[in-house]
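The values are calculated or read from the model by the stated rules, or taken from the named source; none is laboratory data. Bear in mind that the values here come from a model prediction, so they are computed numbers and not experimental data. Every residue, glycine as well, gets a Cβ built from its backbone with ideal geometry; the counts of neighbours run over all protein chains shown. Surface accessibility is based on the protein's heavy atoms, side chains included, excluding ligands, DNA and RNA. Shrake-Rupley method; radii C 1.70, N 1.55, O 1.52, S 1.80 Å.
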Amino acid sequence: MPSLMSIRHSLPAALAAAALTLCASEAGAQCPSTAIALTGNPSASVTLCMRVQDVLQMRTTSTLTAPATLTAAQFTASATPAGSSTYVPFGGKVNLEVAANRPFAVTVTGAFSGPGTKSASDALWSTTAGVFTNTARDVSAANAESNRTIPFAVTPAARAAWSQDVYFASRWVYETDRSGTYNLTLTFTLAAK
């Protein structure tokens with residue numbers, strides 16, 4: 001097969017320049033070489049190879065606020081099973097916006113810090129405001145990943161990223177949650193599937 005330079009001499013100048021431009025590839029790209037076929041009338045067939053990388057981007061917007069002053073009725077005894085405990089919703093929500101050109105998953109984990117030892121399993125998440133009935137949906141890293149994976153709609157709105165609101169609530173325990181300030185740090189992780 002003749003080299004590209006020898007073919008260039010047999011093609012009209014404008015066509016040869018176009019072929020050379022389309023054959024150029026970005027440094028490091030591993031596209032197959034361009035095939036140029038000559039026929040009875042000088043013409044060229046050019047294949048342009050474009051590498052498209054994975055796109056995985058996430059933006060978080062939080063309007064979360066701490067619960068108002070807790071009352072005795074909002075505390076639970078440590079022996080109370082999680083499913084029977086009282087959960088106090090945090091105000092606001094976290095909005096997750098994901099742009100991706102491949103399947104993805106977003107998981108959430110969390111940790112409390114404060115004057116007492118507070119388990120991350122005390123914080124629940126939900127995609128429905130005020131509904132925290134599935135006690136398996138807590139933010140503890142020890143919880144199964146499937147219970148920390150936030151569902152998104154199957155397809156996003158036209159020309160838009162996927163968007164999902166996530167709400168949080170926590171139980172408060174008499175025996176361990178001493179008075180003072182508690183912080184809940186939430187980590188959202190976006191990963192390709």
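Quick notes on this one:
- Projected label distance in nm at ARG159 and TYR174, using a 7 Å step from Cα toward the beta-carbon: 5.9 nm
- If both residues of a DSSP beta bridge must be in region 44-177, then about 90% of such bridges are antiparallel.
- For region 50-136, the relative contact order works out to 35 percent when only alpha carbon pairs closer than 8 Å and six or more residues apart are counted.
- Rounded accessible area of LYS193 (nearest 10 Å², 1.4 Å probe): 150 Å²
- Order by protection proxy (mean Cβ within 10 Å, highest first), peptides 71-84, 136-149: 136-149, 71-84
- LEU184 exposes around 50 Å² of accessible area when a 1.4 Å probe is run over every protein chain in place.
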